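J.: For reference, the structure I am asking about is given below.
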Amino acid sequence: MSVFQRGDGRWVVKYKDSTGKRIQKTFKEKEDARSFNDELYIDSREGSRLTVFEAVTLYLKDHDYLCKNVQSQYSWLVAGSTTQKGRSVGPAECIADKYVDELTRRDFNDVRDNCRSRGCKNITINGYMAKLQTAFRYCASEGLLPDDPWRSFAKLRTTVCHMDGTIEDFWTLYVVLPEWMQWWCRTAMALCLRPGLAELFSLKWGAFDFSHGSVTVHMGKVDRDKVVYPIKEYMDEAWTRFLADRQDREQPVCRNKYGHQVKNYRATWRHYCRLAGVKLPPYAMRHITATMMLKAGADVAAVAANLGHANPSITLKTYAHALPSAQKEACSKMGAAWCKNEEKDSMKSIG
């Protein structure tokens, strides 16, 4: 099966029928051609058994909107990768050729053990296993598998680290950063971005609506958009930089010291952390921002919207530690109500 465009602009799908005869069908729209091709692909799989590798491949084929980093991670899990440093074996490569409907608890544990041998933490292992199960569940929903064979297996216990660093650590680091990296930090915190290639460094000027003072950010991790209304001081600085970039809306907002697209930032970040004498992962900026807003009394729903959380309960669960003042206020109000009730009771007794 293949999809291509003819010289007259029409889209063609070539495939073989049940007898092996080559057939082609034309469409006016690319979307119609791809949809037809996908149906053929699924039909060709029905009645056959899927291996782990095939299940993941099919999931990625039908979810090509996922960011490149996520797609690469799925592929690496079952097929490994080759880099300049050599070949990296994927944790699930040992079961890549096994049929999904035959997977057992031993296979589940084998993948976990492979992750542990790499020094992965429990939260990372759970993430890898969840990716495999997501592919299995998708194939099951398409009728290609009976079910996720690992659905009843519990996750590993994890310790959630709410704060990877303090505001004091951040300011200690910030003052030693070069100006172009300080701009990274201001952008990440003003827009509550995930520092990385999927959000912060893929952000372009086209996301900014200066007339309304808002920024629309696509969150590659969850494949959704969020709208943020940053402070005026940040938008004023962004406008100045936008003009300096000749109002090029395709230009990345945050670039490296040479003015190019950022492709690798972790080594540079660690270098300046060593200079400042602190240990502060880039992601800590997101946690620090959320914590500061909540401690300042910001509405939880508003903070959740800025972070891009689908449900405020996620924000409450993650940042409950940042609300001691709110808890004290709630208790003080209960205490005030208690005193009022006692006062009423004493008035009744006097009466």
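The values are calculated or read from the model by the stated rules, or taken from the named source; none is laboratory data. Since the structure is predicted, the reported quantities are computational estimates derived from the model, not experimental observations. Neighbour counts are summed over all protein chains in view; Cβ atoms, including those assigned to glycine, are modelled from backbone coordinates with ideal geometry.
J.: Are there any pairs, at least 6 apart or on different chains, whose C-beta atoms fall under 8 Å, with the first in segment 183-195 and crowded, with 19+ Cβ neighbours inside 10 Å and the second of a type in the set (Asp, Glu), and if so, which?
T.: If the second residue must be of a type in the set (Asp, Glu), the pairs left are Leu193/Glu199.
J.: Right, another one. Do you know which residues across segment 91-130 are within 16 Å of Pro149 (Cβ to Cβ) and assigned to a loop (DSSP other than H, G, I, E, B)?
T.: Ala92, Ala96, Asp97, Lys98, Leu103, Thr104
J.: Sticking with this structure for a sec: Residue under question is Met292, and the condition is that it be in the same structural domain as Ala207 (by TED's automatic domain parsing), crowded, with 19+ Cβ neighbours inside 10 Å and not in a loop (DSSP other than H, G, I, E, B); does it hold?
T.: Numbers: in the same structural domain as Ala207 (by TED's automatic domain parsing): yes; crowded, with 19+ Cβ neighbours inside 10 Å: no; not in a loop (DSSP other than H, G, I, E, B): yes.
Taking the combined requirement at face value, the residue does not satisfy it.
J.: Regarding Thr315, is this residue under 20 Å from Gly165 (Cα atoms) and at pLDDT below 90?
T.: Working: under 20 Å from Gly165 (Cα atoms): yes; at pLDDT below 90: yes.
The answer is yes for Thr315.
J.: If we scan segment 146-165, do we find a residue that is over 30 Å from Gly259 (Cβ atoms), surrounded by 13 or more Cβ atoms within 10 Å (Cβ to Cβ) and aliphatic (A, V, I, L, M)?
T.: yes
J.: Then there's this: For segment 97-141: of the residues being of a type in the set (Gly, Ala, Ser) and surrounded by fewer than 17 Cβ atoms within 10 Å (Cβ to Cβ), which is nearest to Phe153 (Cα to Cα)? Explain how you work it out, then say what you get.
T.: Step one: list which residues in segment 97-141 are of a type in the set (Gly, Ala, Ser), which gives 117, 119, 127, 130, 135, 140-141.
Checking the rest, the ones that are also surrounded by fewer than 17 Cβ atoms within 10 Å (Cβ to Cβ) come to 117, 119, 127, 130, 141.
Values: Ser117: 21, Gly119: 22, Gly127: 14, Ala130: 11, Ser141: 19 Å.
Here the answer is Ala130.
J.: Go through Lys14, Lys25 for me and flag whichever is outside the structural domain of Cys94 (by TED's automatic domain parsing) and at pLDDT 75 or above. Break it down into steps so the answer makes sense when it comes.
T.: On the way: Lys14 fails: at pLDDT 75 or above.
Unique residue meeting the criteria: Lys25.
J.: What residue, among those in segment 47-67 that are of a type in the set (D, E, K, R) and free of Cβ contacts under 8 Å to residues at least 12 places away in the same chain, is surrounded by the fewest Cβ atoms within 10 Å (Cβ to Cβ)?
T.: It comes out as Asp64.
J.: Then there's this: Name the single residue, out of those in segment 206-230 being assigned to a strand (DSSP E or B) and touching a Phe, Trp or Tyr at 6+ places or on another chain (Cβ under 9 Å), that is surrounded by the most Cβ atoms within 10 Å (Cβ to Cβ). Spell out the reasoning first.
T.: Taking segment 206-230 and keeping what is assigned to a strand (DSSP E or B), we get 208-209, 214-219, 224-228.
Right, trim to touching a Phe, Trp or Tyr at 6+ places or on another chain (Cβ under 9 Å) and you get 208, 214-216.
Details: Phe208: 21, Ser214: 14, Val215: 24, Thr216: 13.
In this case the residue turns out to be Val215.
J.: Now, a different point. Which of the residues belonging to segment 261-289 are buried (at least 16 other Cβ atoms within 10 Å of the Cβ), part of a helix (DSSP H, G or I) and not polar (S, T, N, Q)?
T.: Trp269, Tyr272, Cys273, Ala276, Ala284, Met285, Arg286, His287, Ile288
J.: Something else now. Hey, does segment 131-145 have a residue that's under 25 Å from Lys317 (Cβ atoms) and assigned to a loop (DSSP other than H, G, I, E, B)?
T.: no
J.: Same structure again: Checking the condition touching a strand residue (DSSP E or B) at 6+ places or on another chain (Cβ under 6 Å) and surrounded by 15 or more Cβ atoms within 10 Å (Cβ to Cβ), which residue from Gly90, Gly80 passes?
T.: On the way: Gly90 fails: touching a strand residue (DSSP E or B) at 6+ places or on another chain (Cβ under 6 Å).
Just one listed residue meets the conditions, Gly80.
J.: Right, here's the next one. Look through Glu250, Glu233 and report the one residue that is part of a helix (DSSP H, G or I) and among the acidic types (Asp, Glu).
T.: On the way: Glu250 fails: part of a helix (DSSP H, G or I).
On inspection, the qualifying residue turns out to be Glu233.
J.: Could you give me the residue pairs with C-beta distances under 6 Å whose first residue belongs to segment 146-167 and is under 16 Å from Tyr319 (Cα atoms), whose second residue is at pLDDT 90 or above and part of a loop (DSSP other than H, G, I, E, B) wherever it lies, and which are 6+ apart or on separate chains?
T.: Within 6 Å, the pairs are Asp164/Pro281; Gly165/Leu280.
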